[in-house]
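Scroll down for the structure; my scribbles are underneath it.
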Ligand code: TXA
Ligand code: MG
């Protein structure tokens, strides 16, 4: 039997009421759309894991309406983490803190820490406030697949039997997931790169920052004992194969080679603008920009378009510079990793 896709709404009160009633809701944020539930409702949180087919050992981020809510969920918050919250919330930053046990066990995957974020999106904040709760929300995609950056991406992935409604907040303005900062040690540790950079964290805290991403990106995570939760090898991956190239020149060589071999190739180019491309290539270039922020905004939508066009291969050149260069390179790297699911 065919089931309908999840209905789209513009009403944050409706979304908040559904969350309060224990349902799942598609939640817009400035980074990507989340699949949201009341973070104190164990059954609702379990439904998130089931809907995404997400391993239960991968904890969720709790979205709160303002920094003052931190003490509802966390204890022993270091002063420098408070400074980060004041500087970057609402915004694309998640803080990992000591949990005080208020969240359902499933949210923290039974661990002693909790991830918190205040999203910079008026509708999301209105829905969270209307729910009267903290809202656990992973990205609203099936496990390992490309994160959604529009309401339609969410409603296309989940039926109305699973998701009560998707709150439509338009296209996500950042486009890649939040920077995750572990604040449970003596100094900040970046667990996932995003729009808030190590340099900005150092500026605010005066502390040096450890970056665990780089080590994870090059390590063979298949064999690693304890990769950070959620840092599986293949992630953010479309059905098409993803290959990275160092520059547009290299990408075009590879494009010619693969096209000659009969493969349908599309291009995501972060170091060139459309007008610099030959006419014959413009149709294949799903992204052509030298702006790292534009590349980030368009990245996940372009990976989805590649699949819609039934491309065999996506050749991508990450933007070389800018605050979002690291985050976009990280996502492309994971999208190109060997598939383990
Ligand atoms: O921008 C974002 O962060 C989006 C929007 C919806 O807020 N959310 C998001 O959630 O990307 P998700 O579940 O797709 O990724 C969250 C990551 C996972 O890798 C998870 O393992 C990690 O955060 N995480 C959650 N709680 C954690 C904790 N207590 N300690 C370490 N990592 C944690
Ligand atoms: Mg995700």
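Taken together, the values in this text are just the output of simple stated rules run on the coordinates, not laboratory data. The shown structure was predicted, so the numbers you read here are calculated from the model rather than taken from an experiment. Note that we place each Cβ from the backbone using ideal geometry, even for glycine, and neighbour counts take in every protein chain shown.
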Problem set entry | 19 Å tail of the calculated P(r), the stretch 120-182, as % of Cα pairs | 36
Problem set entry | Extension gain (nm, one decimal) between residue 43 and residue 4, 0.36 nm per residue minus Cα-Cα | 11.7 nm
For this session: With only alpha-carbon atoms counted, please give the Rg and Dmax of the stretch 144-208, in Å.
Result: 16.6, 49
Problem set entry | In range of the label at residue 76: residues from the stretch 173-194 whose backbone nitrogen is under 20 Å from the point 7 Å along Cα→Cβ | 181-191
For this session: Using per-residue counts of other Cβ atoms within 10 Å, averaged over each peptide, order 123-132, 277-286 from highest down.
Result: 123-132, 277-286
Problem set entry | Order of 147, 305 - criterion: other Cβ atoms within 10 Å of each residue's Cβ, fewest first | 305, 147
Problem set entry | Shape category assigned to the stretch 1-137 from the gyration tensor of Cα positions, a/c cut at 1.5 | oblate
Exercise. So how do 121, 333 line up by other beta-carbon neighbours within 10 Å, fewest first?
Worked result: 333, 121
Problem set entry | the stretch 254-303 and the stretch 114-144: distance between their alpha carbon centers, rounded to Å | 32
Problem set entry | Volume per residue of the C-alpha convex hull in the stretch 24-95, rounded to whole Å³ | 104
Exercise. According to the Kirkwood expression over distinct Cα-Cα pairs, how big is the hydrodynamic radius of the chain, in Å?
Worked result: 20.4
For this session: Return a whole-number percent for the relative contact order of the chain, with Cα pairs under 8 Å and 6 or more residues apart as the contact set.
Result: 20
Seminar exercise, completed: Quick note on 244, 332, ordering by fewest other C-beta atoms within 10 Å, gives 244, 332
For this session: Grab the Cα-Cα distance for residue 204 and residue 50, subtract it from 0.36 nm times how many residues apart they are, and report the gain in nm with one decimal.
Result: 51.6 nm
